[in-house]
Amino acid sequence: MIYLRLFTAFMKIGFTSFGGMSMIPVIMQEMKVNHWMTAEDLTNLIAIAEMTPGPLGINCATFAGMQTADVLGGIAAVMGVLMPAYTLTLGVAVCFAKFRGNDIMSCMLNVIKPICIAMILAVILDLMQENYFPDARIDWFGCGIGVVMFYLILKKNWSVPKVITLAAVFGIVGYGVLGIG
């Protein structure tokens, strides 16, 4: 049953990632393995999840579930991605007093942080290859959008929603209206 598969896949995603951008490689792998989405669908999934308000994991689960099996699929995926967080939060809340000030816990977090950063960098490289170098060629228009958006965030301190909106407008006009690419 597709709903159970979505639930278990997103429950696995919830248990094996640490939220936010670190979920994307795991989501991408599950979608590819189960043949639920194409590479283009995955790129759209990430863009839509980043543009919409709310946690990235829930947005990705909603979009992926609905894309795969309509509204019930979206509900199954969201329930799956929430189950680990709920379960772990409940467990940690019960044991929190014991972990406060624990050296082992601090060491574990110091190991987890660089792993999350590496996973995010891997996703960035994968998305760059998919978006800026499709079919072993350089998409100069896409690269230009990326450079401009990077500049606006880094040097002009624009907010991420503003930059995403502007990039979307450039993409729609460039690729949709003008037919670049």
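Bear in mind that the values in this text are calculations on the coordinates, not laboratory data. What you see is a predicted model; the values in this text were computed from it and never measured. In this analysis, Cβ positions are derived from the backbone assuming ideal geometry, glycine residues included, and neighbour counts consider all displayed protein chains.
Ordered by the number of other Cβ atoms lying within 10 Å of each residue's own Cβ, fewest first, Glu30, Glu50 fall into the sequence Glu50, Glu30. Each residue of the range 114-127 was assigned a 3J(HN,Hα) from its phi angle through the Karplus curve 6.51 cos²θ - 1.76 cosθ + 1.60 (θ = phi - 60°); the sequence is x, 5, 4, 4, 4, 5, 5, 5, 4, 5, 4, 5, 5, 5 Hz, with glycine and proline shown as x. Computed from phi, the 3J(HN,Hα) profile of the range 132-137 under the Karplus parametrisation 6.51, -1.76, 1.60 (θ = phi - 60°) reads 9, 10, x, 6, 6, 9 Hz, with x in place of Gly and Pro. Each part reduced to its alpha carbon centroid, the range 1-78 and the range 97-174 end up 18 Å apart.
Across the range 30-37, computed HN-Hα scalar couplings (Karplus, 6.51 cos²θ - 1.76 cosθ + 1.60, θ = phi - 60°) run 4, 5, 6, 4, 8, 6, 8, 9 Hz from first to last residue, x flagging Gly and Pro.
Can you show me the helix-derived [θ] at 222 nm for the chain, built from DSSP H runs with n ≥ 4 at -39,500 (n - 2.57) apiece and divided by the number of residues, rounded to the nearest 500. Result for the chain: -26500 deg cm²/dmol, rounded to the nearest 500. Seen against the Cα atoms of the chain and their longest principal axis, helix 39-51 is set at about 70 degrees. Note on Ile115 and Thr89: their simple-model spin labels are 2.2 nm apart, each label 7 Å out from Cα toward Cβ.
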